[in-house]
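First up is the structure itself, then whatever we jot down about it.
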């Protein structure tokens, strides 16, 4: 899941970036309003963490512009302004959530996750697919009650597939949502990770959950998708 | 504390009481006068009517008295008529005036008389004269010494007219009229009334004289008698008042006898005079003397008063009634006045209460409005039109004060918000850094890096707190200034030394322009701090390859520090606000992140604290010039500078560089 962190205080940027990345998010950073505007419009972020006091363009103005232009990205305001009036103003301008500094990191991450779930119309923090269970809160994966250990990148990929269960996700989608701006885009990195994931999730289990759509991308098996399962099984 | 309402009401009541009292007194006085006048008129009327009645009574009384007197007088007259020897002249012989009303018919002498007495002497002139002499001597000797006798000798038909004869003293002695009266009225039959007889003698050629007075002893003294009043023709009687000791005031009627005893007092009638003259040489032909009886008859007034007693009583009763009425009316009037006064006082006090309450209602409105003002809402919820004109200045002042308060509160709130904001961001950074670091085990290198980050953030935080504290101290007015005499040029040079490395690190050109000494009496620490802040700003908000210029020069009686940069500059709207706290031109903390919009506020506070002023000129994208002006220290340099202030700039510019030593002289 890709997050844009808009914050002009360097130490905070450094800390949050590290924290988010260790949590498996792909993090882009913007240190002023203009940069944030450009990045937000060019990339489909899952969540934007937005400060208000920013150089050049302040956060509220920016948010208002985005919403007016139909930018539907989830925005979490993270700001030092903590009065009720500020919160109301932020939420009424179009923010999806509002947190005041200083912030508890766990809460921040949880709220970002909640926003991501909301983006996929997913209320249940447990994503289920046949006997696969993904606990988005604890970031643990089980298959047939058997814990599967995944790296953050693998987990993120599986979660992304699970959020789009039954739909094909292209490589570029995966790329856009799982890798930040500094990651080097090598053509087969997605395929490599898919392979890792299949080894951990599908190997030794039936049915195969991660399906390949040749020429399109990958998808997680949906409930009404039995034929490919039997077909694969047949192979 | 005094209540306006109570004191107003008090004054009002006092005034009211005074006015009511005055009005009441006036009304009372006038009413009293009117009532008393009416009473007097009424009393006069009663008195008048009484007097009329009394006059009537008196008239009646007088008439009765006159009638009585007449009767009495007639009685006395007749008494005298019977005195032997006294004869009416009319009856004595033919008289020329015998046809007078009193003259009885001469043919019927009714009574015995002393007549026909031979005259002692012949009717010679000498005799006549002798007779007259003796008669006069007899008559007009002192009354006590003579016994009143009257001699009368009538005419004889045969004698020549004008001859008189008189009786011999023997006969005359019997003619004691007074004695006869006394005997008849006092001695024989004591008359109960008050009366007096006066016998008056008329003598030819002489004045009339009272020759005898008869009165009862109880009268005490002779009553006065004015004979001359009767000389007026037609006067029959007189009525007057006399005082009788022991009896009191009395009414008196004096009545003259209807005819004299003796010859007529009437003058002779010439028509009937005989044609021949009398033999006597000078005598009037028929001249005689006579006696007239005057009767006084008195009644004490007490009789009249007895008769009038009923009237008097009625009058007195009426008067008393009127007095009572008046008194009652006055009492009633006063009671009414008092009641009206009390009633109107009460009514007016109530009215006054109402008026005062109404008059004070704008004040109450204002105070209500003031009491509704809170720290949330400083507006006075009252319209200017609702108040009276007198309160408008107060309202204006209150509005102004509340506005100032509101601004102060807003500033305070803003400051608190700003401070919390400025503190929250570094604290958030600190916490986030620590939290991230603690999420999983790290290498010692990573921990070190984290700690270093934390230290940097904490240092920023410390600086920020320091600045806030500085401002708070300045605000509280606790910051002491320690004034010493310094050289502004030296101070500028010291600042330059400190800032030059920083400027060069930013790739900026830096120049100091200061020729000293420029003596200044100020707090060097604060001035240094202010200049350093300005220089920091100049470095921070500069463009790459720019320059920072610090200049100190004397400007008249002042010394000016100028910090010029070639930075981003400011539009006018920003220029007005840069000295406000927490204000940043672009709300950015991109450079060092330390200057949380407090630097210029602190500079301004410092400069103002040491008695200077700060101003800024700026052009966007060209640069800004901050100018701190301080009064120059008085003393030695003023002598050289004052005479030629206009030439100063011209002189200064050539030696801007490189000649600091000579500038002092």
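The numbers here are math on the coordinates, done by the rules we state, and not lab data. Only a predicted model underlies this, so the values are computations on that prediction, with no experimental measurement involved. All Cβ positions, even for glycine, are placed from backbone atoms using ideal geometry, and neighbour counts span all protein chains on display.
Couple of notes before you dig in:
- Per-pair calculated FRET efficiency, R0 = 30 Å: residue B:411 and residue B:361 via Cβ, rounded to 0.05: 0.25
- Cα gyration tensor shape of the range A:2-119, rounded if a/c is under 1.5, else prolate or oblate by comparing a/b with b/c: rounded
- Length-normalised contact order of the range A:126-234 in % [C-alpha pairs under 8 Å, at least 6 apart]: 27 percent
- Shielding by partners for peptide B:431-444, expressed as the average number of C-beta atoms from other protein chains within 10 Å of each residue's C-beta, is 5.
- Contour minus Cα-Cα distance for residue B:475 and residue B:497 (0.36 nm per residue): 4.9 nm
- Cα gyration tensor, the range B:389-471 - rounded (a/c under 1.5), prolate or oblate: prolate
- Each residue, residue B:577 and residue B:444, gets one label point 7 Å from its Cα in the Cβ direction; the gap between the two is 5.1 nm.
- Shielding by partners, peptide A:95-105 (average Cβ within 10 angstrom, other chains): 4
- C-alpha center-to-center spacing [the range B:285-356, the range B:516-570] in angstrom: 113 Å
- For the range A:126-234: rounded, prolate or oblate by the Cα gyration tensor [a/c cutoff 1.5]: oblate
- Once the chain from residue B:243 to residue B:451 is taken as fully extended at 0.36 nm per residue, the excess over their C-alpha distance is 59.8 nm.
- Gap separating the Cα centres of the range B:1-70 and the range B:357-425, nearest whole Å: 69 Å
- Per-residue average of Cβ from other chains inside 10 Å of A:1-13: 4
- Each Cα pair under 8 Å and six or more residues apart adds its sequence gap; the mean of these over the residue count of the range A:2-119 is a relative contact order of 23 percent.
- For chain A, averaging the sequence separation of C-alpha pairs within contact (under 8 Å, six or more residues apart) and dividing by the residue count gives a relative contact order of 16 percent.
- Between the range A:1-40 and the range B:443-463, the alpha-carbon centres lie 20 Å apart.
- Packing here is the average count of other Cβ atoms within 10 Å per residue, and on that basis the peptides A:112-123, B:29-40, A:92-103, highest first, run A:92-103, A:112-123, B:29-40.
- Residue B:354-residue B:329 FRET efficiency (beta carbon distance; Förster radius 45 Å; 0.05 resolution): 0.80
- Percent of beta bridges antiparallel (DSSP, the range A:1-143, rounded to nearest 5): 30 percent
- Residue A:205/residue A:22 FRET efficiency (R0 22 Å; Cβ-Cβ; nearest 0.05): 0.15
- Additional length obtainable on full extension of the chain from residue B:77 to residue B:504, 0.36 nm per residue less Cα span: 136.3 nm
- Compared with the dominant Cα axis of chain A, that is its longest principal axis, helix A:33-42 is turned about 30°.
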